Amino acid sequence: MKVRRSERMVLISNYLINHPYELTSLSLFASRYGSAKSSISEDISIIKRAFEGSEIGNIETVTGAGGGVVFTPTISDKEAREIAEGLCHRMSESDRILPGGYIYLSDLLSTPMILKHIGRIIAKAFSDEKIDAVMTVATKGVPLANAVAEVLNVPFVIVRRDLKITEGSTVSVNYVSGSSDRIEKMFLSKRSLKPGSRVLIVDDFLKGGGTINGMMSLLTEFDCSLAGVAIFADNVQGQREEMTYKSLLSVTHIDIKNKEIAVTLGNMFD
């Protein structure tokens, strides 16, 4: 199909945005849009300047017979901070405090646009890491992990707290629940991860850290390594073992009696 240059550039831009981290040959665009590879190369140079100038993402050109272009999405520091500050404001609403000091997050973590923004921010925070998969436990962290995995263009795996016949053979580990201090089990299908995978763990809220430690133990059982831990919000008042993680938001104070909650930017912005 022969298309005008302006239309072709829109189509190429859309393709790259929807195929992040994938190597795409210039021949694909040339044959798809009925243009010479030299013309496609010029188009991509213009798109590259626009994407990088507006911090939409970076386009890398890979030379050689098997070469092409790779689009890596990103987000500007200013936009990321503005989004996180808006979430801080919403998280600080007094009616979010639930019995036991828990915080209501379901509305935030079920809104597609918010999840999309969070996915971009977390993906950028771990842009220096090679990530083969994203892992979370079957809670509100599932849509969050899905959003991050979509930006990174990698699979995401769900750790279960109970056995599901549809999972097939599973591997289980014991862990200490941070909320009850009880020994509990978590399960992961043997087909979920390939040995040697580098895995990013994503969770919605960090209090005691028991769930995170359990998932780390599962990675050892699968002969996989930890690429990092990303948390939507952590409770700095919680008692936990030393753990390295990056948080988008940080809950610094909860007063259940007076219905007060204080939320700041997490260490992802340090």
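The values are calculated or read from the model by the stated rules, or taken from the named source; none is laboratory data. Since the model is a prediction, treat every value here as computed from it, not as a measurement. Here the Cβ positions follow ideal geometry from the backbone for every residue, glycine too, while neighbour counts run over all protein chains shown. Ligands, DNA and RNA are excluded from the accessible area calculation, which covers all protein heavy atoms including side chains. Shrake-Rupley method; radii C 1.70, N 1.55, O 1.52, S 1.80 Å.
Quick one: is Ser106 polar (S, T, N, Q), part of a loop (DSSP other than H, G, I, E, B) and under 15 Å from the mean Cα position of the chain (by Cα)?
Numbers: polar (S, T, N, Q): yes; part of a loop (DSSP other than H, G, I, E, B): yes; under 15 Å from the mean Cα position of the chain (by Cα): no.
No: the conditions fail for Ser106.
State all residues of the range 18-57 that are part of a helix (DSSP H, G or I) and β-branched (Val, Ile, Thr); if no residue qualifies, say none.
First, pick out the residues of the range 18-57 that are part of a helix (DSSP H, G or I): 18, 26-33, 37-53.
Across the range 18-57, the qualifying residues are Ile40, Ile44, Ile46, Ile47.
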All but one of (1) among the aromatic types (Phe, Trp, Tyr); (2) modelled with pLDDT of 95 or more; (3) over 30 Å from Ser192 (Cα atoms) hold for Tyr102; which doesn't?
(2)
Unique residue being over 25 Å from Lys124 (Cα atoms) and surrounded by fewer than 17 Cβ atoms within 10 Å (Cβ to Cβ) when the list is Ser38, Ser45, Ser54
Ser38
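Per-residue answers, yes or no, for (1) of a type in the set (A, V, I, L, M, F, W, C); (2) touching a His at 6+ places or on another chain (Cβ under 9 Å); (3) at pLDDT below 95:
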| site | (1), (2), (3) |
| --- | --- |
| Glu184 | no, no, yes |
| Gly196 | no, no, no |
| Ser217 | no, no, yes |
| Ile256 | yes, no, yes |
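Could you list, in sequence order, the residues of the range 58-87 that are assigned to a loop (DSSP other than H, G, I, E, B) and aliphatic (A, V, I, L, M)? Working first, answer last.
Of all residues in the range 58-87, those assigned to a loop (DSSP other than H, G, I, E, B) come to 63-67, 74-76.
Residues satisfying the conditions are Ala65, Ile75.
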Every residue from the range 245-270 that is closer than 23 Å to His117 by Cα, touching a residue at least 60 places away in the same chain (Cβ under 8 Å) and either crowded, with 20+ Cβ neighbours inside 10 Å or among the β-branched types (Val, Ile, Thr) (or both):
Leu248, Leu249, Val251, Val263, Thr264, Gly266, Met268
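Of these, Arg8, Arg90, which one is within 30 Å of Pro143 (Cβ to Cβ), part of a helix (DSSP H, G or I), without any contact (Cβ under 8 Å) to a residue 40 or more places away in the chain and not β-branched (Val, Ile, Thr)?
Numbers: Arg8 fails: within 30 Å of Pro143 (Cβ to Cβ).
When all the criteria are applied, what remains is Arg90.
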Test: residue in the range 168-188 that is under 19 Å from Leu144 (Cα atoms), in contact (Cβ under 8 Å) with a residue 24 or more places away in the chain and not in a strand (DSSP E or B)
no
Of the residues Val148, Val159, Val142, which single one is more than 10 Å from the chain's Cα centre (by Cα) and assigned to a helix (DSSP H, G or I)?
Val142
Sole exception among (1) free of Cβ contacts under 8 Å to residues at least 40 places away in the same chain; (2) open to solvent by less than 80 Å² (accessible area, probe 1.4 Å); (3) closer than 27 Å to Ile122 by Cα for Asn14, by number:
(2)
Of everything in the range 224-244 that's modelled with pLDDT of 95 or more and surrounded by fewer than 18 Cβ atoms within 10 Å (Cβ to Cβ), which residue is farthest from Gly141 (Cα to Cα)?
Ser225
Filter the range 57-101 for residues that are open to solvent by 70 Å² or more (accessible area, probe 1.4 Å), under 30 Å from Thr24 (Cα atoms) and of a type outside the set (D, E, K, R); which is nearest to the chain's Cα centre (by Cα)?
Asn58
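Whether any residue in the range 194-217 is among the β-branched types (Val, Ile, Thr) and surrounded by fewer than 19 Cβ atoms within 10 Å (Cβ to Cβ) is what I want to check. Explain how you work it out, then say what you get.
Let us first name the residues in the range 194-217 that are among the β-branched types (Val, Ile, Thr), namely 199, 201-202, 211-212.
Those left that are additionally surrounded by fewer than 19 Cβ atoms within 10 Å (Cβ to Cβ): none.
Taking every residue of the range 194-217 in turn, none turns out to be among the β-branched types (Val, Ile, Thr) and surrounded by fewer than 19 Cβ atoms within 10 Å (Cβ to Cβ).
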For Gly119, indicate whether it is at positive phi and not in a loop (DSSP other than H, G, I, E, B).
no
